[in-house]
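Readers should treat all values here as calculations from the given coordinates under stated rules, not as data from a laboratory. No experiment lies behind these values; they were computed from the predicted model shown.
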Amino acid sequence: MSAPPLSDAMIDRVARRFRALGEPQRLRILQVLQQGPRTVGEVVAALAGNQPNISRHLQELHEAGMLRRRREGNSIYYSIGDPVVNELCALVCGCAQREMEAELAALRGDGNSTAAAKTN
């Protein structure tokens, strides 16, 4: 059974999420937040970034519906707001890893490189 066609509004929403994931620093932020809720300062320290830049990326991920935030005193804690984000990242990372392994096998001249590439 195929899914019904998406409305233009839904396509725009999905595209916004993919755009948000298209920035490497945002993927690094998501990786940090997979360990649990973190303050902006903790994310900045974990990534050795600068606060305005990290805050901008956190805001974009929040607006895209991927992060949740809560205020506690003077601190704002960010966490993964949609568990599907973790699943999507794991799926894409696994695919990228298999591609890299197939390329490495091809460089080494392993006979199984074509078979490994076809399993993707």
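A few notes on this one:
- Evaluating 6.51 cos²θ - 1.76 cosθ + 1.60 at θ = phi - 60° for every residue in segment 72-77, the Karplus couplings come out as 9, x, 8, 9, 10, 9 Hz, glycine and proline recorded as x.
- The mean sequence separation of alpha-carbon pairs under 8 Å and at least six residues apart, normalised by the residue count of the chain, gives a relative contact order of 19 percent.
- Cut-off under 5 Å, modelled amide H: who pairs with Asp82 long-range: none
- Distance between segment 67-83 and segment 7-32 - C-alpha centres, whole angstrom: 18
- Among Val40, Val84, Val32, residue whose mean-square fluctuation peaks in a GNM of the chain (springs only between Cα atoms under 10 Å): Val84
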